[in-house]
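Heads up, the thing below is written out as structure tokens.
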Amino acid sequence: MSEPKRSLDNGEHTDTDSTTREKPPVDALTSDPPLPLFVVPSNSGPGQDLERHTSTATDGETYPEGGLQAWLVVLGAWLALVSSLGLMNTLATFQAYLTTHQLADYDDGTIGWIFSIYTFMVFFLGLYIGPLFDKYGPRWLILAGTFSVSASLMLFSISTELWHFILTFGIFCGTGCSLLFTPSFAAVGHFFQARRGLATGIASSGGSIGGIVFPLMLESLFARAGWGWAVRALGLLCLLLCAVANFLIRARLPPARGASTAPDFRIFRDRAFLLTTVGMFLLEFALFIPVTYISSYARAQGFSQAFSFQILPILNAASAFGRALPGYWGDKIGPFNINLIMIVFSIIACLAIWLPAGSYTAGLVLFAITFGFASGSNVSITPVCVGRLCKTQHYGRYYATCYTIVSFACLVGVPIGGNILTSNGGDYWGVIVFTGMVYLGSLIALYFAKVCKVGWRPWVVF
């Protein structure tokens, strides 16, 4: 086709001959990468998202943007993330049970380290798994993650001592989930560029579905079959889901030239990437505080135990929409822009809804829905933001390096929130205000990351 096409980034026109312009060196990992420029058919629209529409970035790489194989990869990533992110969204259920059964002699803060270590492992190990994906692809990583998650849950089901739970779930299951988590997002990026936000949002919504199904499933099985068979049933379900994912997830692009499995922190020389990592660190730091404490907050406000357990699935249900829809909007106005908007809504949810009205049933439900929707994009859009700062063939390394730093926020965020809660004598207002302020810091860091790339133009698509 010779007719001009419209760029999604800046509204300027180019033609298909633009793909022949000079390309930057493939190995330029530490230089500022060019802004992505996409060439897409002018008749693409929401109703045609499942069809094949190729796009071409300024590095000359062409992306299918659809087709059967591309959407099967999204489905495979969705299945893998139901297990990995779904377990992450079920941590409050595990903690609530253990505090009244096997680990009743320990305080909540000590038990919480099991799950802080788990979350830390999921993100920290990405530093090594990302480069392995760049060099070897996803197949062996997903396979290893499948067996690690299912085996660790079987061992988790027979654990009795604190160190058992730390070893089987915190370390073993955390490692397995990291082997599923990083390759799933990276593989989707091999097939989508202009529509990466939509595709990633759909894939990450699997974590929200897991966060709805797993807690309700466990709550029912705990009463009928006990802890052991409830957790073993969960392990078998994860094995089934991930087994299918093994046949669907694949890479499309060749390995990056000169790719190495060794970590490389030189990419932090890119100021935009450094600020983005700071913003993501604060984002995840704030995210896990409400997710972890919302059930205990409900109990402290006098709500029933049943409602306290149900409020978490309500939040996760809202986050399912918050992962898919902002991803689609992000393809239109830019992932950084939609992420900034969703952070503003997260701040509003904490400071304008949770703080003044959380003690009322309607207020707490409204907070769960609003925060769930707004924070859902924290998971689905952040990988797309990182993808804007590098070439797709180096995406695994950039994303993994970013989330290796972010993993320390996951490790210390919840304990710090607990210390604030204790220092206020069990009153949650300090935790809520602290969460809102950390989100504000994330907003500032990510906005200046955008400024590093496009200047002081708030409405530019980026």
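The values are calculated or read from the model by the stated rules, or taken from the named source; none is laboratory data. All of these numbers come straight from a predicted model, not from anything done at the bench. In this analysis, Cβ positions are derived from the backbone assuming ideal geometry, glycine residues included, and neighbour counts consider all displayed protein chains.
For region 406-453, a residue qualifies if it is in contact (Cβ under 8 Å) with a residue 12 or more places away in the chain and either among the charged types (D, E, K, R) or out of contact with any helix residue (DSSP H, G or I) (no Cβ under 9 Å at 6 or more places or on another chain) (or both), and the qualifying residues are 450, 453. Restricting attention to region 325-341, the residues that are of a type in the set (A, V, I, L, M, F, W, C), closer than 21 Å to residue 291 by Cα and either in contact (Cβ under 8 Å) with a residue 40 or more places away in the chain or crowded, with 21+ Cβ neighbours inside 10 Å (or both) add up to 2. If you go through region 118-168 and keep only what is among the small types (Gly, Ala, Ser) and under 24 Å from residue 244 (Cβ atoms), you end up with 126, 130, 137, 144, 145, 148, 150, 151, 152, 157.
For residue 358, the stated conditions hold: it is farther than 24 Å from residue 331 by Cα and touching a residue at least 12 places away in the same chain (Cβ under 8 Å). Filtering 306, 286 for residues that are on the phi < 0 side of the Ramachandran plot and modelled with pLDDT under 85 leaves a single hit, 306.
Residues in region 95-121 that are surrounded by fewer than 23 Cβ atoms within 10 Å (Cβ to Cβ), within 19 Å of residue 214 (Cβ to Cβ) and of a type in the set (Phe, Trp, Tyr): 97 only.
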